[in-house]
Amino acid sequence: MHSYDEPVYLISIVANILNIHPQTLRQYEREGLLEPSRTQGKMRLYSRRDIDRMKLILRLTRQMGVNLAGVDIVLQLKEQLDSAKEEIAKLREELSKVNRQGSVHTSKAIVPKNSYDIIIFEE
């Protein structure tokens, strides 16, 4: 089995999987919504991640009526949200390590000031 990000699917296979015309994939690439890998011979190769992204694009356009400019904004916001979630997970792990090492007492590690600020006390 191939990894999620490994580009292995030809455009004809992806078009068949998604039940769309290959020209639709080319158009979305021109619009900057999708960026498949290329072989040295310039053939497009898609990964499972690309296929899932394309499924999201199709759901937004077909089921929700979002135009391509709106899809671009939604995808950018999704990427920012995913990045923020990763950063939060890293920070939580870092805080957990600090708490396990005992350098910050667990009762004083996080004190919410309001819904947006977190204060971390150091010894």
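Against the numbered list (1) touching a strand residue (DSSP E or B) at 6+ places or on another chain (Cβ under 8 Å); (2) free of Cβ contacts under 8 Å to residues at least 40 places away in the same chain, SER47 comes up short only at (2). Just checking, which of GLU94, GLU35 is of a type in the set (Asp, Glu), assigned to a helix (DSSP H, G or I) and surrounded by 10 or more Cβ atoms within 10 Å (Cβ to Cβ)? Matching residue, one of GLU94, GLU35: GLU94.
No value in this document is a laboratory result; all are computed from the given coordinates. Everything quoted here is computed from the prediction, not taken from an experiment. Because the Cβ atoms are built from the backbone with ideal geometry, glycine has one as well, and the counts that use them run over all protein chains shown.
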